[in-house]
Amino acid sequence: MIADIGVVLWKEAKEIMRYGGNRGWLSLLILIAVYGIFIPWQMGRAWIEEPLALLFWAWVPLFLVSTVIADSFAGERERHTLETLLATRLSDQAILLGKVGAGVAYGWTLTVVSMAAGVITVNLAFGQGRFLFYPLGAAAAMLGTSLLAAGLMASAGVLVSLRAATVRQAAQSLSLAVMLLLFVPIFGVQALPPEWQARLMTAVSHLNTARAFLLAMVTLALLNLALLTAAKARFRRARLILD
Amino acid sequence: MTDVAIRTENLTRHFGAVRAVDGLSLAVPRGIVFGFLGPNGSGKTTTIRLLLGLLEPTGGRAFVLGYDTQTQANEIRQRSGALLEHSGLYERLSAEDNLELYGRIWHIPKAERQARIRELLTHVGLWERRKESVGQWSRGMKQKLAVARALLHRPSLVFLDEPTAGLDPVAAAALRDDLASLAAREGATIFLTTHNLAEAERLCGQVGVIRQGKLLAVGHPDELRARSGAPRAEIVGRGFSREALALLRARPEVAAAEVHNGRLVVDLRQETNLAPLISLLVGAGAAVEEVRKGRASLEEVFLTLMEEEK
């Protein structure tokens, strides 16, 4: 089973890298340059010292995974490769987990590489001889949250892609979901009455960061599990072929 | 181990009101090339999907290599290779990577996998182009690669949906030879659908004719021709005048006599001695150069079956 998941991962990675000829590699380098060099260089020491960076690294994998995961099943269906894949000895779980795993590996690896590049950039530009690094607890929280965020988007993406008629339809649904995740909290808070906003800010400022991240990670893990279970229930070879 | 590779019992699949496969009962012996013939939309592809366990039947049962398609589909897919309606190739990947992927799927050890990929790509004349993205290739090249992929893991049973579609005549003939030798050498069973009746006649140990989901006939091509086609004679020569044809048609053993492309085709009511007919023609002024006795081709049998069913 693990070996079979690995085979699907290998195939997905090859396809991502060969997208548009060899443009796949170029896209990766641009993303790393933006998230790992340009933004940290603009932000300076705050990039490492402010807790807001934690939220950024939780959002990045959502965006990264959403750019590739729409293709997982809808793309195979559109390019007429799905039925041949389904006619092989691979189990349903291996195909499904391989696709989810490929999305997670793509999003999380890029995020971690960008984080590392960000640390290097800030140290080179603003270190002044001192090694600047995230507090260890924050670094662990960032790694954990970004992994779970990548998993969340990969599971949600696979579920959407299983149902979508085309890659475009799947991509639109996922972009909408990412936008909602980003803008609903921002505009939602602004829409609250001023006294509620003040109360919320007070609650946030007194929040135990470690406990909040733990709670967020447990919630993300549960959401991951729920979405994976839904995707597994949706994965029926006959339905995939006839859709 | 049973001698039957595929057995279906009243296999049925409906899509709403449409009966794509309708009470199909069939037994395909192991180690033969079985041709499944039928017009577009007759249920050939649905049958392959049912046999691979990709679709569940509405009624009836099917056993492939001794495994139940409804409960042991993974066992079937483990032992089968398939070229389905579409080539199913990953067009962003190279030819080599496409085969590498399927070699990994079937857990072929690395050294063996590499040797097998080389063997197959060399055989279909694509080894030199193995690093190219498949998306840039012609349909025929893709088809050759897809056939190679279906044979990669030396399956006991190969499903091929229109395997020679898009191939040039030389490549199609080479593929036919490969399939025949695969069945003979490795004891593999090949279940293929085709519109090319001459191909089926040349290649298949048995054929089944399907229309609107119903099996109309099954047997060796010769049996079908004998069952459905009356004997006939084909006479090559000159001077087949109207008078000569009229004399011929007046004979009780002659059902019909027509000139096609300079050849006189005489349909006979039963096996008969041709000498008196040739004498009659020569007496009427015809010059006879060659006489061939035979039966209706599989294509004619097929068309007759389609007409009867209508």
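The values are calculated or read from the model by the stated rules, or taken from the named source; none is laboratory data. Worth saying up front: this structure is predicted, and the values here are computed from it rather than measured. Every residue, glycine among them, receives a Cβ derived from its backbone with ideal geometry; neighbour counts consider all protein chains shown. The protein model used for the area step is the full one, side chains on, heavy atoms only, and it has no ligands, DNA or RNA in it. Shrake-Rupley method; radii C 1.70, N 1.55, O 1.52, S 1.80 Å.
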Would you be able to tell me the number of residues in segment B:143-156 that are modelled with pLDDT of 90 or more, part of a helix (DSSP H, G or I) and farther than 19 Å from B:Ala115 by Cβ? 1
Within the bounds of segment B:12-30, is there any residue that is assigned to a loop (DSSP other than H, G, I, E, B) and at pLDDT below 90? yes
When segment B:104-113 is checked residue by residue, the ones that are part of a helix (DSSP H, G or I) and more than 17 Å from A:Glu15 (Cα to Cα) are B:Lys110, B:Ala111, B:Glu112, B:Arg113
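So, A:Phe56, is that one at pLDDT below 90, within 19 Å of the chain's Cα centre (by Cα) and over 20 Å from A:Leu110 (Cα atoms) or not?
no
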Take A:Trp41 and decide whether it is in a helix (DSSP H, G or I), aromatic (Phe, Trp, Tyr) and either within 14 Å of another protein chain (Cβ to nearest Cβ) or closer than 16 Å to A:Ile69 by Cβ (or both). no
Conditions (1) part of a helix (DSSP H, G or I); (2) open to solvent by 30 Å² or more (accessible area, probe 1.4 Å); (3) away from every other protein chain (no Cβ under 14 Å); (4) of a type outside the set (Asp, Glu): number failed by B:Gly135: (3)
Could you tell me whether A:Ile16 is within 14 Å of chain B (Cβ to nearest Cβ), open to solvent by 10 Å² or more (accessible area, probe 1.4 Å) and under 18 Å from the mean Cα position of the chain (by Cα)? yes
Of all residues in segment A:63-90, which are under 22 Å from the mean Cα position of the chain (by Cα) and surrounded by fewer than 22 Cβ atoms within 10 Å (Cβ to Cβ)? A:Phe63, A:Thr67, A:Gly75
Taking segment A:103-137 and keeping residues of a type in the set (Gly, Ala, Ser) and open to solvent by less than 10 Å² (accessible area, probe 1.4 Å) leaves A:Gly103, A:Gly107, A:Ser114, A:Gly118, A:Gly127
Identify, by number, the condition in (1) farther than 30 Å from B:Trp106 by Cα; (2) open to solvent by less than 50 Å² (accessible area, probe 1.4 Å); (3) in a loop (DSSP other than H, G, I, E, B) that B:Asn40 doesn't meet. (2)
Of the conditions (1) surrounded by fewer than 16 Cβ atoms within 10 Å (Cβ to Cβ); (2) under 30 Å from B:Ile210 (Cβ atoms), the single one that B:Gly262 does not satisfy is (2)
Would you confirm whether any residue within segment B:75-96 is over 29 Å from A:Trp10 (Cα atoms), open to solvent by 10 Å² or more (accessible area, probe 1.4 Å), under 23 Å from the mean Cα position of the chain (by Cα) and within 14 Å of chain A (Cβ to nearest Cβ)? no
At least 1 residues that are within 30 Å of B:His14 (Cβ to Cβ) in each: list the strands (runs of 3 or more DSSP E) lying fully within segment B:166-249 that qualify. B:189-194, B:206-211, B:214-219
